[in-house]
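This report refers to the structure that appears directly beneath it.
Any read-out appearing in this document is the output of simple, stated calculations on the displayed coordinates, not a laboratory observation. Predicted model, so just to flag it, every value in this text is computed and none were measured. Heads up, the Cβs are rebuilt from the backbone with ideal geometry, glycines too, and the neighbour counts pull from every protein chain shown.
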Amino acid sequence: MTETRIVMVDDHGLFRESLGRLLESTPEFCIVARSATAAEALDALARIEADIVLLDYDLGDETALPLLSEIRRRWSALRILMVTAGLSDENTLHVMEAGASGVFLKHNSPDRLVSAIRKVTSGEVWLDDSSFRSLLAGKRNRTEMLGRAQPLTARQSEVLRGILDGLANKEIAWKLKTSETSIKAVIQELFQKAGVRTRSQLVRIAIEKHSADWLKAETNPGR
């Protein structure tokens with residue numbers, strides 16, 4: 001049986017020690033370092049060989065994101081599993097984008113943690129249902145924020161005005177002297193900016209959230 005070398009990074013000493021003893025009861029697991037801070041973790045990783053880091057998100061007065069990014073930069077093959085009491089939708093997205101291989105919530109059972117470690121060390125991703133929903137919500141929120149931050153081009157504004165006037169794609173195309181295919185492409189751009197999938201959702205978002213920018217009289221010159 002191949003040994004899995006584990007580095008634990010958690011600022012709560014009691015949790016760190018109790019979890020370490022529990023994991024070492026699994027024959028294939030070996031705890032090679034226990035760290036309370038990012039500095040201790042980096043020092044340990046520079047001196048030893050490891051397969052996976054179990055990393056808490058909250059490390060005292062700092063978060064684990066800078067440490068996660070540094071580990072990925074210096075030891076790209078090393079797997080990282082966030083073991084945390086909970087993450088916001090935004091932070092779930094951040095840690096996965098920064099290179100974590102999964103998020104494990106501390107209230108889950110030890111048996112599930114063993115499964116998560118095995119899955120991550122084999123090169124897979126671990127996300128339970130709640131973390132997966134949180135990741136999707138984080139992505140959706142970002143899409144909405146990007147949509148609010150991005151102004152419309154002149155063409156997009158013209159097409160949106162046609163939609164708000166209740167015109168069909170063919171009617172908008174005739175009014176703007178372009179093809180219906182071109183109008184459909186612009187509508188997809190609008191969907192992406194608004195983070196929606198239907199015309200009715202686009203109208204609602206435009207009225208509720210973009211009356212001060214998308215619906216103003218002036219348009220941007222770019223097309």
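Count charges around residue 183 for me, please; just the other residues with Cβ under 10 Å from its Cβ, Lys/Arg as +1, Asp/Glu as -1. Display every interim value, and only then the final one.
Numbers: positive: 155, 170, 175, 184; negative: 158, 171, 180.
Neighbour charge sum, excluding residue 183 itself: +1.
Tell me, 202, 160, 176 in order of fewest to most beta-carbon neighbours within 10 Å?
In order of increasing Cβ crowding within 10 Å: 176, 202, 160.
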(request) Figure the gain on full extension for residue 198 and residue 122 (residue separation times 0.36 nm, minus the Cα-Cα span) and round it to one decimal in nm. (result) 23.4 nm
(request) Mind giving me the FRET efficiency for residue 180 and residue 209? R0 is 35 Å, r the Cβ-Cβ distance, nearest 0.05 is fine. (result) 0.80
(request) Using a Gaussian network model of the chain whose springs link C-alpha atoms within less than 10 Å, name the residue from 174, 126, 75 with the highest mean-square fluctuation. (result) 174
(request) For segment 197-211, just list the computed ³J(HN,Hα) in residue order, Karplus coefficients 6.51, -1.76 and 1.60, θ = phi - 60°, integers in Hz, with x standing in for Gly and Pro. (result) 10, 10, 5, 5, 5, 4, 4, 5, 5, 4, 6, 6, 10, 10, 5
(request) Pull up all non-local amide H partners of residue 126: gap of 5 or more, or a different chain, and H-to-H distance under 5 Å with H placed in the peptide plane. (result) 102, 103
(request) Among 72, 47, 197, determine the one that fluctuates most according to a GNM of the chain built with springs between C-alpha atoms less than 10 Å apart. (result) 47
(message) Explain nothing, just compute: Karplus ³J(HN,Hα) = 6.51 cos²θ - 1.76 cosθ + 1.60, θ = phi - 60°, for every residue of segment 91-104 in order, whole Hz, x for Gly and Pro.
(response) 6, 4, 5, 4, 5, 6, 5, 6, x, 5, 9, x, 10, 10
(request) Add +1 for every Lys or Arg and -1 for every Asp or Glu among the other residues with Cβ under 13 Å from the Cβ of residue 13, and state the total. (result) -2
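By how many nm would the segment from residue 90 to residue 189 grow when fully extended, if each residue of separation counts as 0.36 nm and the alpha-carbon distance is taken off?
Net length gain for the segment: 33.2 nm.
Give me the percent relative contact order of the chain, please, defined on Cα pairs under 8 angstrom at least 6 residues apart.
Numbers: 311 pairs, mean separation 31.3, N = 223.
Relative contact order, the chain: 14 percent.
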(request) Would you mind working out the magnitude of the charge dipole of segment 4-141 relative to its Cα centre, with +1 at each Lys and Arg C-beta and -1 at each Asp and Glu C-beta, to the nearest 20 Debye? (result) 380 debye
(request) Could you grab the Rg to Rh ratio for the chain? Cα atoms only, Kirkwood for Rh. (result) 1.19
(message) Are there any GluC sites (Glu not before Pro) in segment 1-91 that are in a DSSP loop and have at most 10 other Cβ atoms within 10 Å? List them by number.
(response) 49
(request) Take the Cβ-Cβ distance between residue 25 and residue 130 as r, set R0 to 25 Å, and report the resulting FRET efficiency rounded to the nearest 0.05. (result) 0.40
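How much mean residue ellipticity at 222 nm does the chain get from its helices, if each DSSP H run of length 4 or more adds -39500 (n - 2.57) and you divide by all residues, to the nearest 500 deg cm²/dmol? Intermediate results must be reported in sequence, preceding the final value.
On the way: 10 runs with 120 residues, N = 223.
After summing the helix terms and dividing by residue count, I get -16500 deg cm²/dmol.
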(request) Give the long-range amide H neighbours of residue 29: residues separated by 5 or more places, or on another chain, with amide H under 5 Å away, using H modelled in the peptide plane at 1.01 Å from N. (result) 4
(request) For residue 80, list long-range residues whose amide hydrogen, built 1.01 Å from N in the peptide plane, is under 5 Å from its own amide hydrogen. (result) 53, 101
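Just subtract the alpha-carbon distance of residue 48 and residue 171 from 0.36 nm times their residue separation and send over the number in nm, one decimal.
37.5 nm
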(request) Taking 7 Å along the Cα-to-C-beta vector as the label spot, tell me the residue 154-residue 109 distance in nanometres, rounded to one decimal. (result) 6.5 nm
